[in-house]
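Visitor: Mind having a look at this structure? Questions to follow.
The values are calculated or read from the model by the stated rules, or taken from the named source; none is laboratory data. Model, not experiment: these values are computed from the prediction. Cβ placement follows ideal geometry from the backbone for every residue including glycine, while neighbour counts extend to all protein chains displayed.
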Amino acid sequence: MYDYDNMPSLDWTGTSTVHHAKAQLLREEPVVLNMPGDFDFGVEDPEACGCMTDPESGILYNCDPEGVLGALAGRNRESDVGALMDAAVESGSRVDVDVTGRRLILHD
């Protein structure tokens, strides 16, 4: 598991956050996205999204960006989340979903 404390973080505001996050990913640098209170983190089939679950924290980790970002974008009707998929795939990033911390962590 990663120590997320030393990773740059952005508060989710939509399109402007996407541009910053894409830049981070394309430089192959991690980024933590702090999502708003109404964001639905429900991933119906984590295994289909390539996720593993940490039994202690409940964090879904090392998820396939296409699967998990696509699912979350559809669930939240948030096309900007979906817009991160291409950059995440291009950079070879993986995604961790921290429901308790209300954040998405994109990393190598």
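Visitor: Just to be sure I understand, how many residues within the stretch 49-63 are touching a residue at least 24 places away in the same chain (Cβ under 8 Å) and under 16 Å from residue 107 (Cβ atoms)? Give the steps one after another, and end with the answer.
Guide: Keep residues of the stretch 49-63 that are touching a residue at least 24 places away in the same chain (Cβ under 8 Å), which gives 51, 54, 57-63.
Filter once more, keeping what is under 16 Å from residue 107 (Cβ atoms): 51, 54, 57, 59-63.
Residues flagged as touching a residue at least 24 places away in the same chain (Cβ under 8 Å) and under 16 Å from residue 107 (Cβ atoms) within the stretch 49-63 amount to 8.
Visitor: Conditions: (1) out of contact with any Leu (no Cβ under 9 Å at 6 or more places or on another chain); (2) closer than 23 Å to residue 6 by Cα; (3) of a type outside the set (A, V, I, L, M, F, W, C); (4) modelled with pLDDT under 95. Residue 54 meets all but one. Number of the miss?
Guide: Exception for residue 54: condition (1).
Visitor: Could you check the stretch 1-48 and list, in sequence order, the residues that are farther than 16 Å from residue 65 by Cα, of a type in the set (S, T, N, Q) and either assigned to a helix (DSSP H, G or I) or more than 13 Å from the chain's Cα centre (by Cα) (or both)?
Guide: Scanning the stretch 1-48 gives 6, 13, 15, 16, 17.
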